[in-house]
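The values are calculated or read from the model by the stated rules, or taken from the named source; none is laboratory data. Computed from a predicted model, the values in this text were never measured in an experiment. Glycine gets a Cβ as well: all are built from the backbone with ideal geometry, and neighbour counts include every protein chain shown. These accessible areas exclude ligands, DNA and RNA; they are computed on the full protein's heavy atoms, side chains included. Shrake-Rupley method; radii C 1.70, N 1.55, O 1.52, S 1.80 Å.
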Amino acid sequence: ERGVAIRLIADDFEDEGDLATALDSLAKFIGLTPSSIDLIVDLGSVADQNPAVIAQLHRANLSLIPTITAWRTLTVATGAFPVSLAPLTRDAWNHLVRIDWQAWLKLISGTRKLDRLPAYGDYAIAHPGLPPEGQATILAQLRYTIQNEFLIWKGKNAIKTPNGYGQFLSICADLVSRPEFRGAAFSDGDQEIQGKATNGGSPGNAETWRN
């Protein structure tokens, strides 16, 4: 079925009347009814914020959406991954709370019933914004998502350090030995990590580490 997604950001919720008018006008312009439109409420980065506050913001925004049950799908999206790994400890596993996930759990489990439960959306292991300007230092790193946290290994400089890119193989081996590792059958990514840990081969590069 033909459809389209409409993305709403924080600024769109400043005026309830303007929001309703804009959504109605946009639906008419593209010639679709809400039943053919996927609505995404995107708050961008929520790193270092309080999950309870984010949940309340979600709730306030959702209350302003007109005919909220009429849209084909409804999703709230945020990103909790930090913009920089600079504050993290090097050559160690760092644990960061998945604030976006915690906020969504608080939203759907609150005592006040929502008119519609939204789906969960995130930016995975990337920051929603553009990277800082300037030349980046390429560090061997692995970003792994577990239920309530990001598990991040921040290694040494991959270009200037002996066996720089090869660090990735030992990082994978270390992760596979940890209880947080879900096993090769859990996902394609876990299968790739298991393969690098046991069979070696090319360690990849800064681009393929994100895939």
Report summary line: D115 fails exactly one of (1) within 17 Å of L19 (Cβ to Cβ); (2) modelled with pLDDT of 95 or more; (3) over 15 Å from the mean Cα position of the chain (by Cα), namely (2)
Query raised in the report: If you go through segment 1-36 one residue at a time, how many are without any contact (Cβ under 8 Å) to a residue 60 or more places away in the chain, surrounded by 11 or more Cβ atoms within 10 Å (Cβ to Cβ), more than 22 Å from the chain's Cα centre (by Cα) and not in a helix (DSSP H, G or I)?
Result: 3
Requested in this report: With the checklist (1) open to solvent by less than 70 Å² (accessible area, probe 1.4 Å); (2) in contact with a strand residue (DSSP E or B) (Cβ under 7 Å, 6 or more places away or on another chain); (3) assigned to a loop (DSSP other than H, G, I, E, B) in hand, flag the one item T137 doesn't pass.
Outcome: (1)
Report task. Select from segment 45-58 the residues that are at pLDDT below 95 and open to solvent by less than 30 Å² (accessible area, probe 1.4 Å) and list them in ascending order. Result -> A47
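Quick grid of which residues meet (1) part of a helix (DSSP H, G or I); (2) modelled with pLDDT under 95; (3) of a type in the set (K, R):
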residue: L142; (1), (2), (3): no, yes, no
residue: I159; (1), (2), (3): no, yes, no
residue: L169; (1), (2), (3): yes, yes, no
residue: F181; (1), (2), (3): no, no, no
residue: A185; (1), (2), (3): no, no, no
residue: G189; (1), (2), (3): yes, yes, no
residue: I193; (1), (2), (3): yes, yes, no
residue: K196; (1), (2), (3): yes, yes, yes
residue: G204; (1), (2), (3): no, yes, no
Query - Condition check for A70: out of contact with any strand residue (DSSP E or B) (no Cβ under 6 Å at 6 or more places or on another chain), farther than 18 Å from W104 by Cα, surrounded by fewer than 20 Cβ atoms within 10 Å (Cβ to Cβ) and modelled with pLDDT of 95 or more - result: yes
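Just to check your reading of the model, which residue among R59, R72 is farther than 30 Å from A136 by Cβ, touching a Lys or Arg at 6+ places or on another chain (Cβ under 8 Å), touching a residue at least 24 places away in the same chain (Cβ under 8 Å) and basic (K, R)?
Result: R59 is the single residue among R59, R72 that is farther than 30 Å from A136 by Cβ, touching a Lys or Arg at 6+ places or on another chain (Cβ under 8 Å), touching a residue at least 24 places away in the same chain (Cβ under 8 Å) and basic (K, R).
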Report task. Filter segment 89-102 down to residues that are hydrophobic (A, V, I, L, M, F, W, C) and modelled with pLDDT of 95 or more and give me whichever is most open to solvent (accessible area, probe 1.4 Å). Result -> V97
Report task. Give the number of residues within segment 103-125 that are touching a Gly at 6+ places or on another chain (Cβ under 7 Å) and either open to solvent by less than 50 Å² (accessible area, probe 1.4 Å) or part of a loop (DSSP other than H, G, I, E, B) (or both). Result -> 1
